[in-house]
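The values are calculated or read from the model by the stated rules, or taken from the named source; none is laboratory data. Computed from a predicted structure; not experimentally measured. Reconstructed Cβ throughout: ideal geometry from the backbone, glycine too, with neighbour counts over all protein chains shown.
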Amino acid sequence: MQYAPTVCTNNVAMTILPAPTARTLSSRILPLENGDSLSREEFECRYHAMPHLKKAELIEGVVYVASPLRFEPHAEPHANLIVWLGNYKVVTPDVRLGDNPTVRLDMDNEPQPDAVTFSRTWGVCSTVSREAIAYSTSKADRLRHQGS
């Protein structure tokens, strides 16, 4: 997987990549299960092989598969948050807003937050690439990545 180059002045880098196309579960690939201890690479392989799965996260190397979401405790507040952040985006230059992106924080953490905003003017480095996954690294990791 290739990442777009990142340039920033802060210790955080973020790259948004487009979602993979189709996902199909191969009989050779185990399904994701709550509590699995996996590397990020294995997590992504299994997640992309499960087209029916809408949300799974890797937190400190442990898999969390989301339960079905309900209207009042989640869907309605989520919509309100997106409207509020959308209004903020409209009136704030250079702000980017995403709904439910995968965020690669490091090798053990790949959450899928309800919403994410970022801007180069905040001192956070961000780049958008074709693969549609948000990517965030330490300054040392980013410098290693830029050198390759």
Looking across segment 35-57 at residues that are touching a helix residue (DSSP H, G or I) at 6+ places or on another chain (Cβ under 8 Å) and under 17 Å from residue 113 (Cα atoms), the single one that is modelled with the highest pLDDT is 56
Residue 60 meets each of (1) surrounded by 13 or more Cβ atoms within 10 Å (Cβ to Cβ); (2) within 22 Å of residue 31 (Cα to Cα); (3) charged (D, E, K, R); (4) at pLDDT 85 or above with one exception, condition (1)
Over segment 29-45, the set of residues within 16 Å of residue 109 (Cβ to Cβ) and surrounded by 13 or more Cβ atoms within 10 Å (Cβ to Cβ) is 32, 36, 38, 40, 42, 43, 44
Reported set for segment 97-109 where residues are modelled with pLDDT under 85 and not in a loop (DSSP other than H, G, I, E, B) is 103, 104, 106
